[in-house]
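> Starting off with a structure, shown below.
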Amino acid sequence: MRIVFMGAPGSGKGTQAQRLVQHFGIPQISTGDILRKHLAEGTPLGLRAKEIMASGAYVDDDTMLAIIRDRLAQPDASKGFILDGFPRTVTQAQGLSKLLGDLGTPLDVVVSFEANNDEIIKRLSGRRVCELCKKVFNVHTAPPSVPPECVGGRDEHQVVQRDDDKEATVRERLRVYEEKTRKPLASFYSYTGLVRTVDADGDIDEVTRRLLATLKAGGGAKVAKPAKSKRRVARPAKRKPPVRRRAAPAKPKSRSKPKSKANSRVVKRVKRAAARKARPTRRKSSKRR
Ligand code: AMP
């Protein structure tokens, strides 16, 4: 299954993508994570992206498309993928369509996560991440602790707030998302019939249930169904012959035939009687003469 997850930063699409990875056995491809890896490794791209990411702006389209082209060429993406945070602009969406079109593997579904902005600001500004094991916490819902899987153990486990999770940056990211991503991409994908909306507010498990139900109900290749059902609707129209059935009481017509025969017989009888009457009258008058 080839899926795009669209949603404001903090709408929970990353968390839900991780859950689908287990469910469908396909990789989550998060462009934000890829950029953060470059940043952590100090690559030229990471150094270039650092400032941009900290301000809440977008990295340029050419760079992002090159990242995705490389990532989709890796073997694990051949059976499907969940794109998390890409595309973010119409140029990226067009580039992705072209890329997948050339590979003959078009998208199956675009999931749009709809979340309340106040909820998002609370979620993101409360988010904390362990720099070592990358485990995510939230000061409101899942307070930081030392997870057993953290390789650094209690001494090195270090929970921090991402620069772009600071409240002012979160607000700027939401503004940029609205302007460059939500509206333009909703319009771009509206013509494909691939978009499915999921209410992303509330409990994480509940959102997962909604997401799976949405995918089951209408995602993937099932998008082709409306065309089939249209054909099915057309068939009964051909089959219904209510006019013929109503016309079947053609019996009244056959009944009317004898009526008309009877009528004609009566007419003949009347005519004959009239003729008989006429004859003696003529004879009588001839006798008189
Ligand atoms: P994310 O973790 O998806 O919220 O991404 C974090 C930051 O990485 C964003 O605020 C952008 O600065 C940058 N970024 C991630 N994905 C993209 C993309 N597809 N296009 C442009 N910038 C991106």
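The values are calculated or read from the model by the stated rules, or taken from the named source; none is laboratory data. Note that the structure is predicted; figures quoted are calculated from it, not measured. As a convention, Cβ positions derive from the backbone with ideal geometry for all residues, glycine included, and neighbour counts pool all protein chains shown. Note: accessible area is taken over every heavy atom of the protein model, side chains too, but ligands, DNA and RNA are not part of it. Shrake-Rupley method; radii C 1.70, N 1.55, O 1.52, S 1.80 Å.
> Return the total of residues in region 105-130 being open to solvent by less than 60 Å² (accessible area, probe 1.4 Å) and free of Cβ contacts under 8 Å to residues at least 24 places away in the same chain.
Of the residues in region 105-130, 1 are open to solvent by less than 60 Å² (accessible area, probe 1.4 Å) and free of Cβ contacts under 8 Å to residues at least 24 places away in the same chain.
> If you scan region 13-41, which residues turn out to be within 10 Å of the ligand (Cβ to nearest atom) and within 27 Å of the chain's Cα centre (by Cα)?
Lys13, Gly14, Ser30, Thr31, Gly32, Asp33, Ile34
> Considering only helices (runs of 4 or more DSSP H) fully contained in region 154-245, which possess at least 2 residues that are at pLDDT below 60?
On the way: elements: 167-176, 183-190, 204-218, 225-239.
Of the helices (runs of 4 or more DSSP H) lying wholly inside region 154-245, those with at least 2 residues that are at pLDDT below 60 span 225-239.
> Still on this structure: Touching a Lys or Arg at 6+ places or on another chain (Cβ under 8 Å) and surrounded by 14 or more Cβ atoms within 10 Å (Cβ to Cβ): is that true of Phe86 in this structure?
No.
> Looking at region 12-32, which of its residues are touching a residue at least 24 places away in the same chain (Cβ under 8 Å) and either open to solvent by 30 Å² or more (accessible area, probe 1.4 Å) or aromatic (Phe, Trp, Tyr) (or both)? Explain how you work it out, then say what you get.
Step one: list which residues in region 12-32 are touching a residue at least 24 places away in the same chain (Cβ under 8 Å), which gives 12-17, 19-21, 23-32.
Hits for region 12-32 are Thr15, Arg19, Val21, His23, Phe24, Gly25, Gln28.
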